[in-house]
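Reading through the C-alpha cells given below for one structure.
The values are calculated or read from the model by the stated rules, or taken from the named source; none is laboratory data. Since the model is a prediction, treat every value here as computed from it, not as a measurement. Every residue, glycine among them, receives a Cβ derived from its backbone with ideal geometry; neighbour counts consider all protein chains shown. Each accessible area value is taken on the protein alone, full model and side chains, heavy atoms only, with ligands, DNA and RNA left out. Shrake-Rupley method; radii C 1.70, N 1.55, O 1.52, S 1.80 Å.
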Amino acid sequence: VQLQACGGGLVQAGGSLRLSCAASGHTFNGYSMGWFRQAPGKEREFVATISWGGTMTHYADSVKDRFAIARDNAKNTVYLQMNSLKPEDTAVYYCAAKSYYTNAESSIGYDYWGQGTLVTVSS
C-alpha cells in the first residue's frame, strides 16, 4: 500500500484545513487508518484513527471536538477535517494504515506510512 497525503498549507489561527490521504498499490480493504503529526523538535504523536468501516473512531485529547476523521472506501481515501486550528497544531501530518483497529494511540502496528504534509498555523 502506498499512501499519499496532501492538503496541508498555511492557515491563520481559527481557520480550517482538510487533509486527504489516498491509498494505492494494494487493496484498501480491511485496513484501519490513522493520522499522526510531528512538530519541529518533538516526537511523532497520535492524532486520530478510524476503523475499516468507519464506525469506530478515536481522537487525541488535544484535537477532540476540533478535528474529524472520515473515510471513503470507494475512493481509497481517508480525510482529516481540522477546524479551529491553533498554532500548536503546526506539524507535519502523516497518514498510516494497519490491518486491525484499536483505539490505542501508539504508532506501533501501522504497516504503511505516507510521506507527510506540512500544516502551518499562524497566530
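By how many nm would the segment from Gln2 to Asp65 grow when fully extended, if each residue of separation counts as 0.36 nm and the alpha-carbon distance is taken off?
Values: separation 63, 0.36 × 63 = 22.68 nm, distance 2.94 nm.
Stretched fully, the Gln2-Asp65 segment lengthens by 19.7 nm.
The phi torsions of the range 15-23, fed into the Karplus equation with coefficients 6.51, -1.76 and 1.60 and a -60° offset, translate into couplings of x, 10, 9, 10, 8, 10, 9, 9, 9 Hz, rounded to whole numbers, with Gly and Pro shown as x.
Using a probe of 1.4 Å, the accessible surface attributed to Asp61 totals some 130 Å² when neighbouring protein chains are kept in position. The solvent-accessible area of Glu88, taken with every protein chain present and a 1.4 Å probe, is close to 120 Å².
Couplings 3J(HN,Hα) for the range 61-67, derived from phi with the Karplus relation 6.51 cos²θ - 1.76 cosθ + 1.60 (θ = phi - 60°), are 4, 5, 10, 4, 6, 10, 10 Hz, where x marks Gly and Pro. By the Cβ-Cβ criterion of under 4.7 Å, the unpaired cysteines of the chain are Cys6. Placing unit charges on the Cβ atoms only, positive for Lys and Arg and negative for Asp and Glu, gives the chain a dipole magnitude near 200 debye about its Cα centre. Probing with 1.4 Å while keeping every protein chain in the model, the per residue accessible area of the chain equals 49 Å².
Under a Gaussian network description of the chain, with springs only between Cα atoms under 10 Å, the residue in Gly30, Gly14, Gly41 that fluctuates furthest is Gly41. Counting only protein heavy atoms and a probe of 1.4 Å, the accessible surface of the chain is 48% carbon and sulfur. Taking amide H positions as modeled 1.01 Å from N, with prolines and chain starts lacking one, the residues under 5 Å from Met56 and 5 or more places away or on another chain are Ser51.
With a 1.4 Å probe rolled over the protein heavy atoms of all chains, the accessible area of Trp113, Trp35 falls in the order Trp113, Trp35, largest first. For the chain, the alpha carbon convex hull comes to 89 Å³ per residue, rounded to a whole number.
Computed on protein heavy atoms with a 1.4 Å probe, the accessible areas place Lys98, Lys75 in the order Lys75, Lys98, largest first.
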